[in-house]
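Working notes, structure below.
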Amino acid sequence: MAVYIQAAAQISVQNPLCDDWLENPISYDVPFHRSIEADYKRFLDPVTSRRMGKILKRAITTSMTVVEATGIREPDAIIVGTGLGCLETTEKFLMAMLEEGEEFLQPTNFINSTHNTISSHIAVHLKCTGYNSTYVHLGVSFESALLDAFMQFQLGRIKSALVGGFDEMIPNYFHVLDKVGFWKGKMAGETAVSFMLADTPGKNPMACINEVILLHDPTKERIEKAINETTNRLGISREDWSTPPSVKPIFGESFSNHAYDVYAAAVKMQHSLLPDNVLLVNNYMDSETSLIFMTKC
Amino acid sequence: MEKIYVTGFGIITSLGNGTADTLESLHRRKSGIGQLRWLESMHSHLPCAEIPFNTDELRRMAGVPKEQMTTRTSLMGIIALGEALEMAGIRTRNSLKPVLISGTTVGGMENTEKYFLKMLTPDKTYDDYILSHDCGVCTQMIADHYGGFDMLSTLSTACSSAANALIMGADMIRTERTSIAVVGGSECLSKFHLNGFNTLKILDKDPCRPFDDTRAGLNLGEGAAYLVLESEASVKARGVKPLCLVAGYGNACDAYHQTASSPEGDGAVLSMTKALKEAGLKPGDIDYVNAHGTGTPNNDESEGKALMRVFGANSVPPVSSTKSYTGHTTSAAGSVESVISILAMLNDFLPVNLNYRNPMEMLSFRPVTDEKPPRPIRHVMTNSFGFGGNDTTCIFSKF
């Protein structure tokens, strides 16, 4: 079975909602950079926009962009991966509680602090009552969401799915992670990528997803076994799969940033800048590992 | 469709540690809701349902060394998972290679809220706690305590997290990605979400009264529960006796409001209808519904109306909310109440809805007040609804 990526859109440290990074990537020489904001007025009125945190504005904007590109206005599923969720509003509520006490807290920041705020806001925005879920599993949060979507297609429950990877980074959290050496000299960034997946190619398919596998603490042999089983089942021999260099250095480190690798592979495959069979491997802190098999449509 | 069996489960809540204590409290109508003992908060007048063990006691019970970084959520998860694995006769370090799918929202917030201000100073003493903040780390801590899990994932759909973890695990079996999926959730109380719920003005100053006309809100609780789901082939190969079937499940989004349910319970109707369809059951087949039943004016009216729409106003099966015993265990509620529903089915009794006196005018049914079921219990349904309209329904059946 193959699932088609009908459209994808990103907001990041590169120019938003376009593929400028492909030929002219912006390079940074800082430890942490927040994303370049897009023009949110197209999809959100100013009053609504003011009430939303950055991560929500980005999620709605990338989601609406793939909705418009594909004409799929009511996807059968909305599934989000986010390692840390709505960090900015969480911090606002937390700091108010820690600094001003428990007496005069306001509900808005709590309401917008839960991880599933993102997927439910998208659902409210699109009036989608279908399958809706949120994955929060470290550096493979996005792949967890992708795996769930893939299974819903496999089980014949859905024909389309809006899948996204979203994370924001705030100065305080960056700072504390920096104190414990989390970044390992890599630039910290943020993630906002939306994909419209469907069981049909649509007008302008980017690439196909053929399998998604997650593994915990795998040995090299366990990874090879999973790859060989999959390539055999797909009938494409092991040596015909290639793994392009990760685009994470271009987009920055972030919990769900493997979404950029899937996005970049899809863009490049659409323009025949990569071989026909691509295997993406993500390894988060030597424990959580993901394998994504993609083919040219 | 291939059958999915439940071969073990484990639970820890304010009712105590393990299924035996849970069952006894349900039979004796003994609630775990009371005064705060462990969590430090100025809202100590609000009743909560804390697990009757402090974090050091939980460490000892879980067998986690004192110097090892952990979270209360992880310790509770380790204890509940241990009971589930033992009941299923599974040692994870052998060749079975199960997957673990867990739900949580609080994650390591109970540490973060204690140490975050200190982390922002040059002092490095508390910095490592930042690595225990996020939800996924809790799942890793729970899994790595036992070892041998082939794949992990973590869900956070607020108060339906554990129910959606069950869906993910069951779907992994259905798509032949694994033959054993351990699913559930764990959530300890935190000052963060106690205050959050308090700002929403949905916490009752008295023990909660689900489906009562005078209900005035929910009481927060903490808990963890896990279920071992297994394919038919694996059950046969291991030669174990399954406990019941996962008959069906449904996930839908109310897409109405971030913290309120739609007045007629549209999302709830969808999730229950989907679950019935997948189970191949008619509404009349359901013998007991363990409602989400938080005790807030909004939820119980909306869910009640949804039940009337799904089952017919005059044929709603016995319904109760066991949040009157465990409090609202938030992200763990889906698995906590799945275990309670299965216990009710296997022991053929209806958990009585505590603190109910006054009927709700707009509802045609009354919650369960008599433990004796009108007919043998073969199919049970449990609802879990989260902020953002994340509605999930699970159905378990005898086989």
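Before moving on, here are some points about what is shown:
- Some residue of segment B:222-234 being part of a helix (DSSP H, G or I), over 21 Å from the mean Cα position of the chain (by Cα), farther than 30 Å from residue B:307 by Cα and at the interface with chain A (Cβ under 10 Å from one of its Cβ atoms): no
- From the list A:126, A:105, A:98, the one residue that fits, being surrounded by fewer than 24 Cβ atoms within 10 Å (Cβ to Cβ), over 14 Å from the mean Cα position of the chain (by Cα) and under 30 Å from residue B:140 (Cβ atoms), is A:98.
- Within segment B:324-353, tally of residues that are among the aromatic types (Phe, Trp, Tyr) and surrounded by 24 or more Cβ atoms within 10 Å (Cβ to Cβ): 1
- Per the conditions (1) more than 9 Å from chain B (Cβ to nearest Cβ); (2) modelled with pLDDT of 95 or more, the sole criterion not satisfied by residue A:104 is (2).
- Restricting A:118, A:158 to residues that are more than 7 Å from chain B (Cβ to nearest Cβ) and in a loop (DSSP other than H, G, I, E, B) narrows the list to A:158.
- From the options B:52, B:65, B:47, residue that is over 19 Å from residue B:162 (Cβ atoms), at pLDDT 95 or above, more than 12 Å from every other protein chain (Cβ to nearest Cβ) and in contact with a Pro (Cβ under 8 Å, 6 or more places away or on another chain): B:47
- Among the criteria (1) within 14 Å of chain B (Cβ to nearest Cβ); (2) buried (at least 18 other Cβ atoms within 10 Å of the Cβ); (3) under 30 Å from residue A:25 (Cβ atoms), the one residue A:267 does not fulfil is (1).
Results for (1) charged (D, E, K, R); (2) touching a Ser or Thr at 6+ places or on another chain (Cβ under 8 Å); (3) closer than 21 Å to residue A:250 by Cβ, shown as yes or no for each residue.
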{"position": "A:17", "(1), (2), (3)": "no, yes, yes"}
{"position": "A:43", "(1), (2), (3)": "no, yes, no"}
{"position": "A:48", "(1), (2), (3)": "no, no, no"}
{"position": "A:66", "(1), (2), (3)": "no, yes, yes"}
{"position": "A:76", "(1), (2), (3)": "yes, yes, no"}
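- Scanning segment B:12-34 for residues that are touching a Cys at 6+ places or on another chain (Cβ under 8 Å) and among the β-branched types (Val, Ile, Thr) returns a single hit, B:33.
- Residue ID - nearest to the chain's Cα centre (by Cα), chosen from residues in segment A:144-155 that are at the interface with another protein chain (Cβ under 9 Å from one of its Cβ atoms) and under 25 Å from residue A:261 (Cβ atoms): A:144
- In segment B:132-177, the qualifying residues are those that are hydroxyl-bearing (Ser, Thr, Tyr) and not in a helix (DSSP H, G or I), and the one that is farthest from the other protein chains (Cβ to nearest Cβ) is B:160.
- Residue, nearest to the other protein chains (Cβ to nearest Cβ), within segment A:204-221, restricted to residues that are among the charged types (D, E, K, R) and free of Cβ contacts under 8 Å to residues at least 40 places away in the same chain: A:221
- Residue satisfying all of: in segment B:117-131; free of Cβ contacts under 8 Å to residues at least 12 places away in the same chain and in a helix (DSSP H, G or I); surrounded by the most Cβ atoms within 10 Å (Cβ to Cβ) among these: B:119
- Test: residue A:192 is farther than 23 Å from residue A:138 by Cβ, of a type outside the set (Val, Ile, Thr) and surrounded by 20 or more Cβ atoms within 10 Å (Cβ to Cβ): no
- Unmet criterion (only one of (1) within 13 Å of the chain's Cα centre (by Cα); (2) more than 21 Å from residue B:14 (Cα to Cα); (3) β-branched (Val, Ile, Thr); (4) part of a loop (DSSP other than H, G, I, E, B)) for residue B:368: (1)
- Segment A:34-65, residues that are surrounded by fewer than 18 Cβ atoms within 10 Å (Cβ to Cβ) and either assigned to a loop (DSSP other than H, G, I, E, B) or in contact with a Leu (Cβ under 6 Å, 6 or more places away or on another chain) (or both): A:34, A:36, A:37, A:39, A:45
- Only one of the listed residues (B:132, B:102, B:95, B:161) is touching a Gly at 6+ places or on another chain (Cβ under 7 Å) and at pLDDT below 95. That residue is B:132.
- Every residue from segment A:122-140 that is more than 7 Å from chain B (Cβ to nearest Cβ) and closer than 27 Å to residue A:280 by Cα: A:139, A:140
- Every residue from segment A:81-98 that is part of a loop (DSSP other than H, G, I, E, B) and more than 9 Å from chain B (Cβ to nearest Cβ): A:86
- Among the criteria (1) more than 13 Å from residue A:279 (Cα to Cα); (2) surrounded by 18 or more Cβ atoms within 10 Å (Cβ to Cβ); (3) within 14 Å of chain B (Cβ to nearest Cβ), the one residue A:178 does not fulfil is (2).
- Selection within segment B:260-277: residues that are closer than 22 Å to residue A:79 by Cβ and surrounded by fewer than 18 Cβ atoms within 10 Å (Cβ to Cβ). The member of this set that is farthest from the chain's Cα centre (by Cα) is B:277.
- Evaluation of residue B:201 against (1) closer than 18 Å to residue B:45 by Cα; (2) crowded, with 23+ Cβ neighbours inside 10 Å; (3) within 14 Å of chain A (Cβ to nearest Cβ) (one fails), failing number: (2)
For (1) in a loop (DSSP other than H, G, I, E, B); (2) among the hydrophobic types (A, V, I, L, M, F, W, C); (3) modelled with pLDDT of 95 or more; (4) farther than 27 Å from residue A:85 by Cβ, each residue gets a yes or a no:
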position	(1), (2), (3), (4)
A:195	no, yes, yes, no
A:230	no, no, yes, yes
A:244	yes, no, yes, yes
A:269	no, yes, yes, yes
A:275	yes, no, yes, yes
A:279	no, yes, yes, yes
A:283	no, no, yes, no
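- Selection count, segment A:161-184, where residues are out of contact with any Lys or Arg (no Cβ under 7 Å at 6 or more places or on another chain) and assigned to a helix (DSSP H, G or I): 8
- Within segment B:104-121, considering residues that are at the interface with chain A (Cβ under 9 Å from one of its Cβ atoms) and not polar (S, T, N, Q), the one farthest from residue B:184 (Cα to Cα): B:120
- Segment A:18-27, residues that are loosely packed, with under 14 Cβ neighbours inside 10 Å and assigned to a loop (DSSP other than H, G, I, E, B): A:18, A:24, A:26, A:27
- Residue selection: residue B:243 satisfies the criterion of being modelled with pLDDT of 95 or more, within 24 Å of residue B:78 (Cα to Cα), surrounded by fewer than 24 Cβ atoms within 10 Å (Cβ to Cβ) and of a type outside the set (Val, Ile, Thr).
- The criterion of being within 13 Å of chain A (Cβ to nearest Cβ) and either touching a residue at least 24 places away in the same chain (Cβ under 8 Å) or over 17 Å from the mean Cα position of the chain (by Cα) (or both) does not hold for residue B:216.
The values are calculated or read from the model by the stated rules, or taken from the named source; none is laboratory data. The model shown is predicted, which means the values in this text are computed figures rather than measured ones. Please note: Cβ atoms are built from the backbone with ideal geometry, for glycine as well, and neighbour counts cover all protein chains shown.
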